1. Rounded to the nearest 20 debye, what is the charge dipole size of the chain about its Cα centre when +1 sits on each Lys and Arg Cβ and -1 on each Asp and Glu Cβ?
2. What length, rounded to one decimal in nm, is gained on full extension from residue 173 through to residue 192, with 0.36 nm per residue of separation minus their alpha-carbon distance?
3. Need the full-extension length gain, residue 39 to residue 117, defined as separation in residues times 0.36 nm minus the C-alpha distance. One decimal, nm.
4. By its C-alpha gyration tensor, with a ≥ b ≥ c as the square roots of the eigenvalues, how is the stretch 66-127 shaped: rounded for a/c under 1.5, else prolate for a/b larger than b/c, else oblate?
5. Which order do 160, 4 take by accessible area at a 1.4 Å probe, largest first?
6. Working out 0.36 nm times the residue gap between residue 51 and residue 107, then minus their Cα-Cα distance, what length gain in nm do you get to one decimal?
7. Return one whole number: the accessible area per residue of the chain in Å², for a 1.4 Å probe.
8. Cross-link partners among lysines for residue 118, C-alpha distance below 23 Å, same-chain residues fewer than 8 apart left out?
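The values are calculated or read from the model by the stated rules, or taken from the named source; none is laboratory data. None of these values were measured; they are calculated from a predicted model. Here the Cβ positions follow ideal geometry from the backbone for every residue, glycine too, while neighbour counts run over all protein chains shown. Calculation scope for accessible area: heavy atoms of the full protein, side chains included, ligands and nucleic acids excluded. Shrake-Rupley method; radii C 1.70, N 1.55, O 1.52, S 1.80 Å.
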Amino acid sequence: MIGRLTGTVAALGADHVLIDVNGVGYVCMAGARLLSKLHAGDDTVLHVETKVSEAAITLYGFGTDEERAWFVRLQDVHGVAGKAAMAILDAITPAELMDAIALGDASVLTRAKGVGKKLAERITGELAGKPPPMGRFGQFETARVAGLASTPVAAATGARSEAISALVNLGYAQADAARAVASAAKDAGDEDVSQLIKAALKELAK
């Protein structure tokens, strides 16, 4: 199974990228947002989810391991296949997805091409109360997609995850903690974990 590719962008298509890794070309399906950041000749790192079927082996590429993890999590929902999961992650960020699930705001997911109201409601309903997905090896790695070499992977959602975990350890239900943190982040921001926890506790006390 291929989990990550480090190489050079050889070519770009409408929905895929060809990565040259030491002379071997790998075709990865990719969303428009990622493709817009890549250019032929760039050195890049793609986090990959490999899907094997009777008809083909398909590689899905992402700029961060968090996006890859959400791609897998979304497909836990009945009716969500790779195409829909990719469309959702192309339309909204992991942070926006996390907030939409925590707040039960299905309308956010309908921004994705091909995702209607019923499917969006099923996603927010089935994933509500579940902890956010973890990276393949626990912590999310540092993004090194071309042009993003020094950007931490979803530091904001990392802070939110820590805040939610802290609240759960205090005895609050996962769904309540996630909802409170999502609401608190709108005012307190999501860079400082301690401030986020304090703000979320105020939300829970209302």
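1. So the magnitude is around 440 debye.
2. 4.7 nm
3. Working: separation 78, 0.36 × 78 = 28.08 nm, distance 3.49 nm.
That works out to 24.6 nm of additional length.
4. Cα axes put the stretch 66-127 in the rounded bin.
5. Details: 160 20, 4 125 Å².
Sorted descending by solvent-accessible area, the residues read 4, 160.
6. Extra length from residue 51 to residue 107 when fully extended: 17.3 nm.
7. Ligands and nucleic acids excluded, the figure is 51 Å² per residue.
8. 83, 130
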